[in-house]
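The values are calculated or read from the model by the stated rules, or taken from the named source; none is laboratory data. Computed from a prediction, not measured in an experiment: that's the story for all the values here. Every residue, glycine as well, gets a Cβ built from its backbone with ideal geometry; the counts of neighbours run over all protein chains shown. Please note that ligands, DNA and RNA were not included when accessible areas were found on the heavy atoms of the full protein model with its side chains. Shrake-Rupley method; radii C 1.70, N 1.55, O 1.52, S 1.80 Å.
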Amino acid sequence: MIKKLACIAITFLILSCQAQETPTSFTEEALNDTFVNLNGESIAFKKLLSSYEGQMVFVDVWASWCRDCIEGLPQLKTIQKEHQDVVFLFLSLDKDIKRWKKGIKKHQIIGEHYFMQSGWKGDFGEFLDLDWIPRYMVIDKEGKIKLFKSVKLTDDNIKKALQ
């Protein structure tokens, strides 16, 4: 009986510990989530991505109130200098548009900027399973997710994904 229970427990542990597959493409719901550009216009993520077709995209989910996000900016700016052919797409989780715009200006953040109006729990945030920011992703030239999740710019996977 003990052997049977041990076998069942081991089987359960093995099955529950299997790594989840990392997505290489966005769900339809995430693609249809809408963002706001600096001019106040709404745009679906699908359309936003299509405007960068054929280019590598570095995604930075951030907020102006996020200490880790702000502290990482000098290192991010170094990465931008090293990868001038990459589109840097900043998706803000600020509490409102006024603070978001003020944060971009204050920290002199160069790149493409959009406000995540659906927030942490919108379709895009749910797809990312957002639980921390900053959150970094890399999308390759074919529009596939090359790096799904990184929370530190020192992550070697970022360097690998940008090559």
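Listing for the model above:
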{"item": "Residue within the stretch 56-63 that is open to solvent by 40 Å² or more (accessible area, probe 1.4 Å), among the small types (G, A, S), modelled with pLDDT of 95 or more and out of contact with any His (no Cβ under 9 Å at 6 or more places or on another chain) present", "result": "no"}
{"item": "Near pairs, Cβ below 7 angstrom, 6+ apart or cross-chain, from the stretch 34-45 (farther than 7 Å from Q117 by Cβ) to any residue that is hydroxyl-bearing (S, T, Y) and open to solvent by less than 80 Å² (accessible area, probe 1.4 Å)", "result": "N37/Y114; S42/T34; I43/T34; A44/T34"}
{"item": "Count - residues of the stretch 59-114 that are under 16 Å from K159 (Cα atoms), in contact with a Phe, Trp or Tyr (Cβ under 8 Å, 6 or more places away or on another chain) and assigned to a loop (DSSP other than H, G, I, E, B)", "result": "2"}
{"item": "Selection count where residues are among the hydroxyl-bearing types (S, T, Y) and modelled with pLDDT under 95, scope the stretch 105-138", "result": "1"}
{"item": "K146 being over 16 Å from D33 (Cβ atoms), open to solvent by 30 Å² or more (accessible area, probe 1.4 Å), modelled with pLDDT under 95 and of a type in the set (K, R)", "result": "no"}
{"item": "So I97, is it in contact with a strand residue (DSSP E or B) (Cβ under 8 Å, 6 or more places away or on another chain), free of Cβ contacts under 8 Å to residues at least 40 places away in the same chain, open to solvent by 40 Å² or more (accessible area, probe 1.4 Å) and not hydroxyl-bearing (S, T, Y)", "result": "no"}
{"item": "Failed criterion for E126 (all others in (1) under 14 Å from the mean Cα position of the chain (by Cα); (2) open to solvent by less than 80 Å² (accessible area, probe 1.4 Å) hold)", "result": "(2)"}
